[in-house]
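The values are calculated or read from the model by the stated rules, or taken from the named source; none is laboratory data. Computed from a predicted model, the values in this text were never measured in an experiment. For neighbour counting, all protein chains shown are included, and Cβ atoms are generated from backbone atoms with ideal geometry for every residue, glycine included.
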Amino acid sequence: MERYFNKDIETASRETMQALQNERLAATVKRVYDNVEYYRNKMDDLGLTPDDIKTTDDLKKLPFLSKDDLRDAYPFGLLATDMKNCVRIQSTSGTTGRRVVAFYTQNDIDLWDECCARALTAAGADANDVVQVSYGYGLFTGGMGLNGGSHKVGCLTLPMSSGNTDRQIQFMTDLGATVLCCTPSYASYLGECVEEKGVKDQLKLKAGIFGAEAWTEEMRRDIEKKLGLKAFDIYGLTEISGPGVAFECSEQTGMHINEDHFIAEIINPETGEVLPEGEKGELVFTSISKEAFPLLRYRTRDICVLSRKKCSCGRTLIKMAKPMGRSDDMLIVKGVNVFPSQIEMVLLNKGLTSNYQIVVDRVGSSDKLEVLVEMTPEIFSDTVNAISEKEQEIIEALKSVLGIYAKVRIVEPKSIVRSEGKAVRVIDKRHLY
């Protein structure tokens, strides 16, 4: 039997949800216009007032927001409430070293927790379950989001964070974890370690909620086999709240979007035209319940499809397909957003050339990031030791900016293939979409 955390909302009629969205959208637009100069200027430039936005049909009148806007308004320019009302920030890396900082009031956190609670409940969790949260904690939204959702459901929560795999498996077996939350690549790695230790028969896992990076159906089946659970997808982004924006149900044919908090659109990434249901394009979100950091028409750059096809789980919330790619050059490596521009900035700051190439691969269950950069004439005459020291210096600088390890190789001048058109900066061998 299908479980719901908030059945009235999750199975609401289209008319009921539409009325709620209209009411919340109009209120949010008025609040950001009154309180956020950045938004007010954008709307004034278009001759818009809050009175022009009464229903979701009026959304298309509003301007888009992008990562560039977040960078330009950093850190407080999009804050829609007094700082004293905020109780937390979460953050992710930005395109040029500036981080994306999202603010939360206590009410924002409560609503986020509920979104994650809906995801956990859809995966079969209730107060009898033990939820092992192996997403990273801290500024990253993964750990905090699922932790809050688990509390909301009433589960015993193991706030493991990521890493220390031996301890992960010990707690998993000793405390009888029934639900695992982490990135799919880490779930796969945990499965390998469980097999090596020969403790699969000691596991009590029944479900896993895996997100923050792209993964294939083949990877889903592999994780399910290794850990003996049913693997569910979850979607979110720091700018909008974190995990729980959308979640999979038992049917697993897409992720239900929590429409009482987020309005989704699909647009043509080139023209900005809103596309009809079922067409592939770029996903755009508008927050309609957040107090501290509500974003209007935020371009996620994720390419996907929306569908209102009736779902066997009984939920009426619109579904989004797994993202099928990106409309920008962002990579997701080990759950971390990586932009070529970040890497280029580090290389240039370290006195190297802009002739570089980024290679991403998945070896076993783990993403590998390698940066090839051509020597400068000065380095070309240096000793092998000097080149090795320079590589190490860049490795440390990249880790500081990206938050993850990247192998660095300084290669001979002109050894990276030139292109007559756009330079091929990124080679992604993972075939995730």
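In table form, for the structure just shown:
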read-out: Within the stretch 170-189, considering residues that are of a type outside the set (Ser, Thr, Tyr) and surrounded by fewer than 19 Cβ atoms within 10 Å (Cβ to Cβ), the one nearest to the chain's Cα centre (by Cα); value: Phe171
read-out: The one condition in (1) exposed (fewer than 14 other Cβ atoms within 10 Å of the Cβ); (2) closer than 15 Å to Glu291 by Cα that Gly47 fails to fulfil; value: (2)
read-out: Filter pass, Leu111 being of a type outside the set (Asp, Glu) and either part of a strand (DSSP E or B) or touching a residue at least 60 places away in the same chain (Cβ under 8 Å) (or both); value: yes
read-out: Test: residue in the stretch 251-262 that is farther than 29 Å from Arg24 by Cβ, assigned to a strand (DSSP E or B) and touching a residue at least 12 places away in the same chain (Cβ under 8 Å); value: no
read-out: Some residue of the stretch 85-105 being part of a helix (DSSP H, G or I), among the charged types (D, E, K, R), at negative phi and in the same structural domain as Thr316 (by TED's automatic domain parsing); value: no
read-out: Whichever residue in the stretch 293-307 is farther than 10 Å from Ile266 by Cα and out of contact with any Asp or Glu (no Cβ under 8 Å at 6 or more places or on another chain) and, among such residues, is surrounded by the most Cβ atoms within 10 Å (Cβ to Cβ); value: Leu296
read-out: So Glu192, is it in contact (Cβ under 8 Å) with a residue 60 or more places away in the chain and over 22 Å from the mean Cα position of the chain (by Cα); value: yes
read-out: Extreme residue, nearest to Thr253 (Cα to Cα), among residues of the stretch 325-359 that are assigned to a loop (DSSP other than H, G, I, E, B) and modelled with pLDDT of 85 or more; value: Gly335
read-out: Unique residue being under 20 Å from Ala122 (Cα atoms) and not charged (D, E, K, R) when the list is Gly236, Gly198; value: Gly236
read-out: Residue within the stretch 257-264 that is assigned by TED's automatic domain parsing to the domain that holds Ala102 and either more than 18 Å from Glu15 (Cα to Cα) or at pLDDT below 95 (or both) present; value: no
read-out: Where Val371 falls short, out of the listed (1) touching a Phe, Trp or Tyr at 6+ places or on another chain (Cβ under 7 Å); (2) closer than 17 Å to Ala212 by Cα; (3) of a type outside the set (Phe, Trp, Tyr); (4) in a strand (DSSP E or B); value: (2)
read-out: Whichever residue in the stretch 299-324 is small (Gly, Ala, Ser) and in a loop (DSSP other than H, G, I, E, B) and, among such residues, is nearest to Leu432 (Cα to Cα); value: Ala321
read-out: Subset of the stretch 375-406 that is among the β-branched types (Val, Ile, Thr) and outside any loop (DSSP other than H, G, I, E, B) - its residue that is farthest from the chain's Cα centre (by Cα); value: Val384
read-out: Residue that is surrounded by the fewest Cβ atoms within 10 Å (Cβ to Cβ), among those in the stretch 214-237 that are touching a Pro at 6+ places or on another chain (Cβ under 7 Å) and closer than 18 Å to Arg326 by Cα; value: Ala214
read-out: Residue list for the stretch 124-169, filter: assigned to a helix (DSSP H, G or I), buried (at least 21 other Cβ atoms within 10 Å of the Cβ) and not β-branched (Val, Ile, Thr); value: Gly142, Gly143, Met144, Gly145, Leu146, Asn147, Gly148, Gly149, Ser150, Gln168
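Yes or no, residue by residue, for (1) aromatic (Phe, Trp, Tyr); (2) in contact with a Pro (Cβ under 8 Å, 6 or more places away or on another chain); (3) in a helix (DSSP H, G or I); (4) assigned by TED's automatic domain parsing to the domain that holds Arg14:
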position: Ser188; (1), (2), (3), (4): no, no, yes, yes
position: Cys193; (1), (2), (3), (4): no, no, yes, yes
position: Ala212; (1), (2), (3), (4): no, yes, no, yes
position: Glu239; (1), (2), (3), (4): no, no, no, yes
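To keep it simple, each residue is scored yes or no on (1) within 23 Å of the chain's Cα centre (by Cα); (2) surrounded by fewer than 18 Cβ atoms within 10 Å (Cβ to Cβ).
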position: Glu10; (1), (2): yes, no
position: Gln18; (1), (2): no, yes
position: Asn35; (1), (2): no, yes
position: Met43; (1), (2): no, no
position: Thr55; (1), (2): no, yes
position: Lys60; (1), (2): no, yes
position: Ala73; (1), (2): yes, yes
position: Asn85; (1), (2): no, yes
position: Ser91; (1), (2): yes, yes
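Residue by residue, here is whether (1) modelled with pLDDT of 95 or more; (2) farther than 17 Å from Ile223 by Cβ; (3) assigned by TED's automatic domain parsing to the domain that holds Ala212 holds:
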residue	(1), (2), (3)
Ser134	yes, no, yes
Gly145	yes, yes, yes
Gly148	yes, yes, yes
Gly154	yes, yes, yes
Thr165	no, no, yes
Gln168	yes, no, yes
Leu175	yes, yes, yes
Leu180	yes, no, yes
